[in-house]
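Each value in this text was obtained by applying a stated rule to the coordinates, not by laboratory testing. Please read these numbers as outputs of a predicted model, since none were measured by experiment. With ideal geometry, Cβ positions are generated from the backbone for all residues, glycine too; neighbour counts draw on all protein chains shown.
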Amino acid sequence: MSISASDYFRAKLQCEIDVMEVAESQPGSLVVVDTRRKSSWDHGHIPGAVHIPTARIPALARELVPANSHVVVYSWGPGCNGSTFAALAFAELGYSVKEMIGGMEYWIRNGLPLATATAGTIQSKPDPLVTAHTS
């Protein structure tokens, strides 16, 4: 079966969200889930995110994420497909889920806050080559 390019991209947009849309979303409207390993989580994650490594989603999702939540998953960045596997796991559990394109890499490159295990919440400057976002 072949689909048109417009149908493909329309479907793709229903399954993805960019970092700025996540950052600018209404508080409490999304459950953001970091799907990376614990050492990566400790190194830095989105403030307020829930930590569920991809392999643990089937066991922990229902305990940590309310059933009617709008879930956004992320992993490291465009070179990592961990969040794609995570989005699939949440979708198979019946959640409304989107994958945050760009992952942590583009969250950081956009100068958005980062929560760490040792330094608390830190802020960096946006990379002008990847964002029009101004602090």
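As a calculated quantity, the FRET efficiency between HIS43 and ALA5 at R0 = 35 Å, using C-beta atoms, amounts to about 0.35. Sequence-ordered 3J(HN,Hα) estimates for the range 14-26 from the Karplus curve with 6.51, -1.76 and 1.60 and θ = phi - 60° stand at 6, 10, 10, 8, 8, 4, 5, 5, 5, 4, 9, 6, 4 Hz, glycine and proline given as x. For the chain, calculate the relative contact order in percent as a whole number, restricting contacts to Cα pairs under 8 Å that are 6 or more residues apart. For the chain, the relative contact order is 25 percent. Which of the aspartates and glutamates could a cross-linker span from LYS98 if the Cα-Cα distance has to be under 14 Å and same-chain partners fewer than 8 positions apart are dropped? Answer for LYS98, where 14 Å is the Cα cut-off: GLU16, ASP18, GLU21, ASP34, listed by chain and number.
Per residue of the chain, the DSSP helices (runs of n ≥ 4 H) give a summed -39500 (n - 2.57) that works out to -9500 deg cm²/dmol at 222 nm. Whole-Hz Karplus values for the range 28-40 come out as x, 7, 10, 9, 8, 10, 7, 9, 7, 5, 4, 4, 5 Hz, taken residue by residue from phi with 6.51 cos²θ - 1.76 cosθ + 1.60 and θ = phi - 60°; glycine and proline positions read x. Our coupling estimate for the range 111-124, obtained by passing each phi through the Karplus curve with A = 6.51, B = -1.76, C = 1.60 and θ = phi - 60°, is x, 7, x, 10, 8, 10, 6, 9, 9, x, 8, 10, 10, 10 Hz, Gly and Pro reported as x. Under a 5 Å amide H cut-off, with hydrogens placed 1.01 Å from N, HIS70 pairs with VAL31 among residues at least 5 apart or on other chains. Among the listed options [x] 14.3, 43; [y] 14.7, 47; [z] 15.0, 52, the one matching Rg and Dmax of the Cα atoms in Å as calculated from these coordinates is [z].
The packing ranking of peptides 41-47, 96-102, highest mean first, is 96-102, 41-47, where packing means the average number of other beta carbon atoms within 10 angstrom of each residue.
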